[in-house]
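Colleague: Once you've had a glance at the structure underneath, I'll fire off some questions.
The values are calculated or read from the model by the stated rules, or taken from the named source; none is laboratory data. Quantities reported herein were computed from a predicted structural model and do not represent experimental measurements. Here Cβ is always computed from backbone atoms with ideal geometry, including for glycine, and neighbour counts include all displayed protein chains. Ligands, DNA and RNA are excluded from the accessible area calculation, which covers all protein heavy atoms including side chains. Shrake-Rupley method; radii C 1.70, N 1.55, O 1.52, S 1.80 Å.
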Amino acid sequence: LRDFKQAKVPGHLTCLYQHLLENDFIFGIETSDKSLCKIYSRDLLKQLSSGRGDWEQCVPDEVAKKIIEKRYFDYRES
């Protein structure tokens, strides 16, 4: 999906989606770092149970610190 305006929604939500688009409640965002679009939450979550690692580069420093400190998302020290 390259354009949020072309998203396929279930039939019963079509009118709602159109309303949200027309009233600017939904809008696109631009990112200058396209590599961020290749980060998948499922992959990161799988990495957390192995402790510290590459996943830390995919989230802001403060988020990584909090995940480690509070052991969020099944984080475990290896």
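Colleague: If you take the residues of region 1-23 that are in a helix (DSSP H, G or I) and among the polar types (S, T, N, Q), which of them is nearest to CYS37 (Cα to Cα)?
Modeller: Residues of region 1-23 that are in a helix (DSSP H, G or I), as a first pass: 4-6, 11-22.
After this cut, where a residue has to be among the polar types (S, T, N, Q) as well, the list is 6, 14, 18.
On the way: GLN6: 18, THR14: 26, GLN18: 25 Å.
Checking each candidate, the answer is GLN6.
Colleague: Also: Working carefully through the options LYS5, LYS46, find the one that is over 16 Å from ASP74 (Cβ atoms) and of a type in the set (D, E, K, R). Quick ask: steps written out before the conclusion?
Modeller: Details: LYS46 fails: over 16 Å from ASP74 (Cβ atoms).
One residue alone meets the criteria, LYS5.
Colleague: Right, something else. Return the residues of region 1-17 that are of a type outside the set (A, V, I, L, M, F, W, C) and either open to solvent by less than 90 Å² (accessible area, probe 1.4 Å) or at positive phi (or both); say none if nothing qualifies. Talk me through it step by step, then tell me what you get.
Modeller: We begin by selecting, within region 1-17, every residue of a type outside the set (A, V, I, L, M, F, W, C); these are 2-3, 5-6, 8, 10-12, 14, 17.
ASP3, PRO10, GLY11, THR14, TYR17 - these are the residues of region 1-17 that are of a type outside the set (A, V, I, L, M, F, W, C) and either open to solvent by less than 90 Å² (accessible area, probe 1.4 Å) or at positive phi (or both).
Colleague: Consider region 1-20. How many of its residues are under 30 Å from VAL59 (Cβ atoms) and among the hydrophobic types (A, V, I, L, M, F, W, C)?
Modeller: The total comes to 5.
Colleague: Okay, next question. Quick one: is LYS66 modelled with pLDDT under 90 and either under 19 Å from the mean Cα position of the chain (by Cα) or not polar (S, T, N, Q) (or both)?
Modeller: On the way: modelled with pLDDT under 90: no; either under 19 Å from the mean Cα position of the chain (by Cα) or not polar (S, T, N, Q) (or both): yes.
The answer is no for LYS66.
Colleague: Kindly indicate the residue of region 24-45 that is in a helix (DSSP H, G or I) and in contact with a helix residue (DSSP H, G or I) (Cβ under 9 Å, 6 or more places away or on another chain) and also nearest to GLN6 (Cα to Cα) among those meeting that condition. Before you say what the answer is, go through the steps one by one.
Modeller: First pass over region 24-45, keeping only residues in a helix (DSSP H, G or I): 34-38, 41-45.
Within this subset, residues satisfying the condition of being in contact with a helix residue (DSSP H, G or I) (Cβ under 9 Å, 6 or more places away or on another chain) are 36, 43-45.
Details: LEU36: 22, ASP43: 27, LEU44: 28, LEU45: 29 Å.
The qualifying residue nearest to GLN6 (Cα to Cα) is LEU36.
Colleague: For TYR40, only one of the following conditions fails: (1) over 25 Å from ARG76 (Cα atoms); (2) hydroxyl-bearing (Ser, Thr, Tyr); (3) at pLDDT below 90; (4) surrounded by 10 or more Cβ atoms within 10 Å (Cβ to Cβ). What is its number?
Modeller: TYR40 satisfies every listed condition except (1).
Colleague: For GLY51, work out the one condition from (1) at positive phi; (2) in contact with a Phe, Trp or Tyr (Cβ under 9 Å, 6 or more places away or on another chain); (3) surrounded by fewer than 10 Cβ atoms within 10 Å (Cβ to Cβ) it doesn't fulfil.
Modeller: The number of the failed condition is (3).
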